[in-house]
Amino acid sequence: MKRLVLQFAVVAICILLAGCNDDDSLFSTAQINQAFLNMKGTYRGDASVSYYHGDDIADIPEAVAVSRDSLEFGMSLLPIADIIDDEIVSKRLRDIGDISVKAGYEFLQMDDQIIHFVLHPVDVVILGGYGSPGTVKFVFSQNFGGDADTYYHNMVFNISPTELWVNGKKCESFKQLVYHFGGDANK
């Protein structure tokens, strides 16, 4: 009898734990894999850079984003270098030129043609020190994303650096920017 009660208790606990799982995805693994496949490609287009809730500050022709199981975006630092007051930091950003920002996808909604997603970019660190220019770190917002049209093979998204750190100190003259990308995939 004790064995039967113990087995029943183990089964009941397993059912309770399975019911409390908050990691359930809105989409099946097959749907997510199909979304990755449908979005896969190299997208070429233009990016505009603007202040968060503010004026446009730059247009970047020939911007590139690569979509696989995550997104990789080539982000020009020249617009940021133009708005930084500190000449040493500005020069460092100009010397770096472009960085590669990698972001994971979080799918919000999918239909036969349009996929809506949030991007989760990884902070970018460019090491320095030991006689070379200082270490630079970009922190990105986790609240921006975009849409992919799988029929026309185009994608639009926003990615937003929120903080700039140089040698472990936050650059106070940096204001949050938003890079808006729109492009088509090569076929």
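Scanning segment 155-169 for residues being within 12 Å of VAL136 (Cβ to Cβ) and either part of a strand (DSSP E or B) or open to solvent by less than 50 Å² (accessible area, probe 1.4 Å) (or both) gives a total of 6. Can you tell me which residue is nearest to GLU72 (Cα to Cα) among those in segment 102-133 that are more than 17 Å from the chain's Cα centre (by Cα) and surrounded by 15 or more Cβ atoms within 10 Å (Cβ to Cβ)? Here the answer is ILE126.
Selection of first residues in segment 168-181 that are under 14 Å from LEU93 (Cβ atoms) and of second residues that are open to solvent by 20 Å² or more (accessible area, probe 1.4 Å) and charged (D, E, K, R), restricted to Cβ pairs under 6 Å at least 6 apart or on distinct chains, gives the following pairs, ordered by first then second residue: SER173/ASP85. Can you work out which of the residues in segment 134-154 that are open to solvent by 50 Å² or more (accessible area, probe 1.4 Å) and not in a strand (DSSP E or B) is nearest to ASP95 (Cα to Cα)? So the residue we want is GLN142. Listed conditions (1) within 20 Å of the chain's Cα centre (by Cα); (2) at pLDDT below 95; (3) open to solvent by less than 70 Å² (accessible area, probe 1.4 Å) are all met by ASP59, apart from (3). Which residue is modelled with the lowest pLDDT, if the candidates are limited to segment 110-136 and must be under 22 Å from ASN33 (Cβ atoms) and among the charged types (D, E, K, R)? Applying the filter and picking the extreme gives ASP112.
In segment 55-95, which residues are among the small types (Gly, Ala, Ser), without any contact (Cβ under 8 Å) to a residue 40 or more places away in the chain and closer than 29 Å to HIS116 by Cα? Before you say what the answer is, go through the steps one by one.
The first filter runs over segment 55-95 and keeps only residues among the small types (Gly, Ala, Ser), leaving 58, 63, 65, 67, 70, 74, 76, 81, 90.
The next check asks that each one be without any contact (Cβ under 8 Å) to a residue 40 or more places away in the chain; those that pass are 58, 70, 74, 76, 81, 90.
Once the filter is applied, which keeps residues that are among the small types (Gly, Ala, Ser), without any contact (Cβ under 8 Å) to a residue 40 or more places away in the chain and closer than 29 Å to HIS116 by Cα, segment 55-95 yields ALA58, SER70, GLY74, SER76.
Among the residues examined, PHE107 does not qualify as closer than 28 Å to GLN34 by Cβ and touching a Leu at 6+ places or on another chain (Cβ under 7 Å). Every condition in (1) farther than 18 Å from ILE159 by Cα; (2) over 16 Å from the mean Cα position of the chain (by Cα) holds for GLY54 except the one numbered (1). Segment 23-81 holds strands (runs of 3 or more DSSP E) entirely within its bounds, and those carrying 1 or more residues that are touching a Gly at 6+ places or on another chain (Cβ under 6 Å) and at negative phi map to 41-51, 56-67. Given the condition closer than 26 Å to GLY41 by Cα, in a strand (DSSP E or B) and open to solvent by less than 60 Å² (accessible area, probe 1.4 Å), answer yes or no: does some residue in segment 86-98 qualify? No, segment 86-98 contains no residue that is closer than 26 Å to GLY41 by Cα, in a strand (DSSP E or B) and open to solvent by less than 60 Å² (accessible area, probe 1.4 Å).
The values are calculated or read from the model by the stated rules, or taken from the named source; none is laboratory data. The structure presented is a predicted model; accordingly, all values stated were derived computationally and were not measured. Note that each Cβ is placed from the backbone with ideal geometry, even for glycine, and that neighbours are counted across all protein chains shown. Note: areas computed on protein heavy atoms with side chains; ligands, DNA, RNA excluded. Shrake-Rupley method; radii C 1.70, N 1.55, O 1.52, S 1.80 Å.
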